[in-house]
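Structure record follows, encoded as structure tokens.
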């Protein structure tokens, strides 16, 4: 009985090896079509061309062996991309859906102005038809993005801000298009900005253009 079981096991093992060898040879002899199309959605035509040139440097033989991580370094380092999704379209196409970042400010780095995106990355300052505040000082880019998010959550209208001044003490001043300046405390919260907004709506500033909110629970109006 034991010998019969041993023979059966040997026969099954032999068949498994044989079938496996046939399959491996068949797979090795198969020829897959190379990737013919990479379609990018969400960018302007010129930006698509630039990104496609970078993607062509990837070794994309065929769609079955494409690892989406191959695209990761290029897409995450591309300054215009905030979010992306790579989709394989069989038999030989790849779709890349991109959420383009919104620019939030212009900032000077080493004597040259750049556009700062909501993704915390810098792009060339070659767009002149959008109104953006200028950043003065040398903040971490992530700090600018953080400040923008807090302002957007508050009742302060970001589109009315002309300049943002950053100080070494990690504090901000906001200058508005009407030349009014708000001096913010080191720790900025939505509630503080809302209180400032309510305060400004209920008083007449006249010639007083500086609102000092650096001291906790106090808002001081100063002359120019």
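Values in this text are rule-based calculations from the coordinates and carry no lab data. Please read these numbers as outputs of a predicted model, since none were measured by experiment. Ideal geometry is used to build each Cβ from the backbone, glycine not excepted, and the neighbour counts take in all protein chains shown.
What percent of all Cα-Cα pairs in segment 103-222 falls in each 10 Å bin, counting up from 0?
With 10 Å bins starting at 0, P(r) equals 13, 46, 31, 10, 0.
Return the ratio Rg/(2.2 N^0.38 Å) for segment 37-100, where Rg is computed over Cα atoms only.
1.03
Starting from the Cα-Cα distance between residue 194 and residue 214, subtract it from 0.36 nm times their residue separation and give me the gain in nm to one decimal.
So the extension gain works out to 5.7 nm.
Can you give me the Cα centroid spacing of segment 134-174 and segment 60-131 in angstrom?
Comparing the Cα centres of segment 134-174 and segment 60-131, I get a distance of 24 Å.
Relative contact order of segment 103-222: what whole-number percent is it, with Cα pairs under 8 angstrom and at least 6 residues apart?
17 percent.
What ranking do 96-104, 71-79 get when scored by the average of other Cβ atoms within 10 Å per residue, highest first?
96-104, 71-79
Using alpha-carbon pairs under 8 Å, 6+ residues apart, how would you state the relative contact order of segment 26-113 in percent?
35 percent
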